[in-house]
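**Student:** Here it is, the structure, as structure tokens.
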Amino acid sequence: MKRNIYTIVILSLVFSFFSCGEKKNETTESQIENSTIKDSRIQVTQAQFDQSKMTLANLEEKAFPNVVSVNGMIDVPPENRAVVNATMGGYIKTTPLLIGDKVRKGDILVTIENPEFVSMQQSYMEVNEQLTYLKAEYDRQVTMKAENITSQKSFLKAESDYKTGVAKHRGLEKQLSMLNISPSRIRSGYITSVVSIFAPISGSVTKVNVTKGTYVSPATSILEIIDNDHIHLELSVYEKDVMAIKKGQKIDFKIPEASSETYKAEVHLVGTSIESNRTIHVHGHLENESDNNFLVGMFVEAHIITSSISAKALPNESIIDVDGFSFVLVLDEKDDDIYYFNQIKVDVKENYNGYTVIENIADFEPYTKFLTKGAFNLLGE
């Protein structure tokens, strides 16, 4: 009997031992499992959060435009660009200007010398003197004809000679004016072999094609002046996008070779004919054009905003690309001074003005908190 009781006690102790061992094992496994769950998340202490200036935010409703991407250049209207030529051929006597010099309308640009200028002035003086005699003879014939003293033939000859002289006088006078030679100075006896060419507009000299002593003909381009006071965008839009472009639409554009800043403009005119390269010209007016030092000929990359949509979005810096996929960090919980984040894959669409559209918003609760600043430091590593 005693032996049986002893055996039962021993068996009870053995079972108790194994039972405790199993409970201990279960407890340990549970702790390991909980630790693994927490370790699979990204942990950030409050000190790290503050030091890296991290921020949390919800999805935001943002307006995203539908845009047409185009290229073009900075240009000026035709009336703000002038190519300077000589009315008559001659040799350049002085050319004091360099590319970049500022000129005002009426300033002397170059002077030209030609002996033919002297011959023209001489002819003008001769005709001017003859005109006095021809006028007097014509007046005399008119008086005599009224009194039936002269013949019709004499009257007609005097009339013809006078009117021919007037026509020649006016023609020479006009040619001299085009050469910037004053007829009144010639009538007072002043004759010159040098004429000046004046600036037709105010602006900057952009081309100088001659040097001192160069012979120029009327077809020769001596120099070019551009007035940058009013500049515009000249854009080329492909035929497939033309129907979406309307006057008044906003334009965002950049000068990629000079600045990363985005500037504003507006569609002012849309061309009415397709060019040989299947594009159409779109003319845009700049906002605050005087605040920027744009130069004619600068290449621009532009986006014409044709319409807009509203969508949920996150700041661009909150989305990290890893192996061709996009991820965000979502706050799972905060335990004391430790933040726990889950790395979640997201489907992204277009981005604009620093924000990116999130397409799979149904995967998130309405008040989900996203790490919007500092995610790169955690995922980028």
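The values are calculated or read from the model by the stated rules, or taken from the named source; none is laboratory data. It should be emphasised that the depicted structure is a prediction, and the values quoted were computed from it without experimental measurement. Cβ placement follows ideal geometry from the backbone for every residue including glycine, while neighbour counts extend to all protein chains displayed. In case anyone asks, the SASA skips ligands and DNA or RNA and just uses the protein heavy atoms, side chains included. Shrake-Rupley method; radii C 1.70, N 1.55, O 1.52, S 1.80 Å.
**Student:** Using only Cα atoms, locate the centre of segment 317-381 and the centre of segment 203-219, then give the distance between them in Å, rounded to an integer.
**Tutor:** Between the Cα centre of segment 317-381 and that of segment 203-219, the gap is 63 Å.
**Student:** Using a probe of 1.4 angstrom, how much of the accessible area of the chain is carbon and sulfur, in percent?
**Tutor:** Numbers: 12340 of 23660 Å².
The value for the chain is 52 percent carbon and sulfur by accessible area.
**Student:** Work out the charge dipole of the chain with +1 on the Cβ of Lys and Arg and -1 on the Cβ of Asp and Glu about the Cα centre, then indicate which of 318, 56, 179 is farthest towards its positive end.
**Tutor:** 179
**Student:** Treating only the Cβ of Lys, Arg, Asp and Glu as charged (+1, +1, -1, -1), what charge dipole size does segment 257-381 show about its Cα centre? Round to the nearest 20 debye.
**Tutor:** Numbers: 8 positive and 22 negative charges, 90 e Å.
So the dipole magnitude of segment 257-381 works out to roughly 440 debye.
**Student:** Would you rank 252, 332 by solvent-accessible area, highest first, keeping every protein chain in place and using a 1.4 Å probe? Before the final figure, lay out the partial values.
**Tutor:** Numbers: 252 15, 332 80 Å².
The residues order as 332, 252, largest area first.
**Student:** If you compute semi-axes √(5λ) of the Cα gyration tensor in Å for the structure shown, which of (i) 95, 22, 14; (ii) 31, 26, 26; (iii) 45, 27, 19 do you land on?
**Tutor:** Evaluating semi-axes √(5λ) of the Cα gyration tensor in Å on these atoms matches (i).
**Student:** Here's another thing I want to ask about it. Send over a whole-number figure in Å² for the accessible area per residue of segment 29-140, probe 1.4 Å. Don't skip to the end; give the middle numbers.
**Tutor:** Values: 6770 Å² over 112 residues.
Per residue, segment 29-140 has 60 Å² of solvent-accessible surface.
**Student:** Then there is this: Would you check the accessible area of residue 312, probe 1.4 Å, heavy atoms only, in square angstrom rounded to 10?
**Tutor:** About 80 Å², ignoring ligands and nucleic acids.
**Student:** When only C-alpha pairs under 8 Å and at least 6 residues apart count, what is the relative contact order of the chain, in percent? Don't jump to the answer; show the numbers that get you there.
**Tutor:** Working: 668 pairs, mean separation 97.9, N = 381.
Computed value for the chain: 26 percent relative contact order.
**Student:** For segment 104-188, compute the number of Lys pairs whose alpha carbons are separated by less than 15 Å, excluding pairs fewer than 8 positions apart on the same chain. Don't jump to the answer; show the numbers that get you there.
**Tutor:** Numbers: 135/157; 135/163; 135/168; 145/153; 145/157.
Total qualifying Lys-Lys pairs in segment 104-188 comes to 5.
**Student:** How far apart, in nm, are two points set 7 Å out from the Cα along the Cα-to-Cβ line at residue 246 and at residue 373?
**Tutor:** 3.9
**Student:** Taking a threshold of 26 Å on the Cα-Cα distance, which of the pairs 264/373; 246/312; 240/264; 264/369 fall above it? It would help to have the intermediate numbers written out before the result.
**Tutor:** On the way: 264/373 28 Å; 246/312 28 Å; 240/264 24 Å; 264/369 34 Å.
In this structure, 264/373; 246/312; 264/369 exceed 26 Å between Cα atoms.
**Student:** With every protein chain in place, what's the accessible area of residue 129 (1.4 Å probe, Å², nearest 10)?
**Tutor:** Approximately 120 Å² of residue 129 is accessible to the 1.4 Å probe.
**Student:** Further question: To the nearest 20 Debye, how big is the dipole of the chain about its Cα centre, given +1 on the beta carbon of each Lys and Arg and -1 on that of each Asp and Glu?
**Tutor:** Details: 39 positive and 51 negative charges, 319 e Å.
So the dipole magnitude of the chain works out to roughly 1540 debye.
**Student:** Apply the a/c threshold of 1.5 to the C-alpha gyration tensor of segment 177-218 and tell me whether it is rounded, prolate or oblate. Please report the intermediate quantities before stating the final value.
**Tutor:** Working: a/c = 3.34, a/b = 1.74, b/c = 1.92.
Note, shape of segment 177-218 comes out oblate.
**Student:** Per residue, how much accessible surface does segment 291-381 expose to a 1.4 Å probe? Answer in Å², no decimals. Present the calculation step by step, with values, prior to reporting the outcome.
**Tutor:** Numbers: 5250 Å² over 91 residues.
Accessible area per residue, segment 291-381: 58 Å².
**Student:** Here's another thing I want to ask about it. As a check on your grasp of the helix formula, calculate [θ] at 222 nm for the chain: sum -39500 (n - 2.57) over DSSP H runs of n ≥ 4, divide by the residue count, round to the nearest 500. Mind dumping the intermediate values first?
**Tutor:** On the way: 6 runs with 113 residues, N = 381.
Dividing the helical sum by the residues of the chain leaves -10000 deg cm²/dmol.
**Student:** I need the P(r) histogram for segment 224-367: all alpha carbon pairs, bin width 10 Å from 0 out to the longest distance, whole percents.
**Tutor:** In order of increasing distance, the bins hold 9, 28, 25, 19, 12, 5, 1, 0 percent.
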